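Below you'll find the structure, written out as structure tokens, and then a few comments.
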Amino acid sequence: MAWIFLVLAGCCEVLGVIGMNRIVRRRAFSSYLLMFGSFAGSFALLSSAMGSLPMGTAYAVWTGIGTVGSALVGMFLYGESRSWPRMLCIAVILASAVGLKLIT
Amino acid sequence: MNRNWLYVLIGGLVEVVWVSGLKHASSWWEWLGTLLAIAASFYLIIEASKRLPVGTVYAVFTGLGTAGTVLAEMIFFHEPFAPLKVLLIALLLCGVMGLKLITDRQEEAEH
């Protein structure tokens, strides 16, 4: 259950980053709502996940999912580069997150 | 040291405070401190990113936050040292920092 919360927390973080990008382009109330709401949800879920997971592991995986998600959003929504070094980093992050899940 | 890098350094340390708070806070004033620490670390990083390359700022900041969190949990909260866990966290951190640094380089090349 803690791992599901952690993955959801990472997804909310990505939504928060999308909100941030929207604020840069258009300062609408809905953009602020998206950013603050998503980050609040993300912190709440991270805190729940930490109830049973070590905080170093939970924090690292949370950051990792947020970073991978933001990079993927950048590639698919904003036309950022899909070069192999970026893909390799994404694979390393996902593999280490899965490894952490397996040993916990 | 450049003032903006000082912001990144302090932001990374404050990050460890709120991560610890999210796991260990129990009273209302500890939760208040955690919320203030979240706001402070975000503020410092956003300020630093205005004048420094965003990906590099984020890479250093995450590095400090991740390393600090793992150390804090062993030093202050008596979590046992598990070599494989620390190794995987370090590997994950390399991926995050690499991704952020590459993104900066590519943006520079485009501009």
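The values are calculated or read from the model by the stated rules, or taken from the named source; none is laboratory data. Not measured: the values here are computed from a predicted model. Note: ideal-geometry Cβ built from the backbone for every residue, glycine included; neighbour counts use all protein chains shown. Just so you know, the surface numbers come from the protein's heavy atoms only, side chains and all, with ligands and any DNA or RNA stripped out. Shrake-Rupley method; radii C 1.70, N 1.55, O 1.52, S 1.80 Å.
Tell me: how much accessible area in total is hidden between B and A, 1.4 Å probe, Å², nearest 100? Heavy-atom accessible area buried at this interface is about 2800 Å². Using a 1.4 Å probe on the heavy atoms of the protein chains only, list every residue of the stretch A:48-81 that has 40 Å² or more less accessible area in the complete assembly than in its chain alone. Buried-area filter returns A:Met50, A:Pro54, A:Met55, A:Gly56, A:Tyr59, A:Ala60, A:Thr63, A:Thr67.
Given R0 = 22 Å, the distance between the Cβ atoms of B:Glu47 and B:His24 translates into a calculated FRET efficiency of 0.20. The distance between label points at A:Thr104 and B:Glu107 comes to 3.0 nm (points 7 Å beyond Cα on the Cα→Cβ vector). Among the protein heavy atoms of chain A, carbon and sulfur supply 74% of the accessible surface, probe 1.4 Å, non-protein parts ignored. Here is the list for the stretch A:8-44: trypsin sites (Lys or Arg not before Pro) lying in DSSP coil, each with at most 16 other C-beta atoms within 10 angstrom of its C-beta, are A:Arg26, A:Arg27. Solvent-accessible surface, computed for protein heavy atoms with a probe of 1.4 Å, shrinks by 20 Å² or more for the following residues of the stretch B:89-105 when the other protein chains are added to the isolated chain: B:Ile89, B:Leu91, B:Leu92, B:Gly95, B:Val96, B:Leu99, B:Lys100, B:Ile102, B:Thr103. For B:Leu6, the accessible area of its heavy atoms, probed at 1.4 Å with every protein chain present, is near 70 square angstrom.
Under the definition of partner shielding as Cβ atoms of other protein chains within 10 Å of a residue Cβ, what is the mean value for peptide B:57-66?
2
The modelled label-to-label distance between A:Ser52 and A:Leu94, using points 7 Å beyond Cα along the C-beta direction, is 2.6 nm.
Evaluating 6.51 cos²θ - 1.76 cosθ + 1.60 at θ = phi - 60° for every residue in the stretch B:62-67, the Karplus couplings come out as 5, x, 4, x, 5, 4 Hz, glycine and proline recorded as x.
Taken per residue, the accessible surface of the stretch A:40-104 reaches 40 Å², heavy atoms only and a 1.4 Å probe.
At a threshold of 8 angstrom on Cα-Cα distance, excluding pairs fewer than six apart, so keeping six or more, what relative contact order does chain B reach in percent? With pairs under 8 Å counted, the relative contact order is 31 percent.
So how far, in whole Å, is the C-alpha centre of the stretch A:67-95 from the one of the stretch A:1-56? A separation of 19 Å, based on Cα centres.
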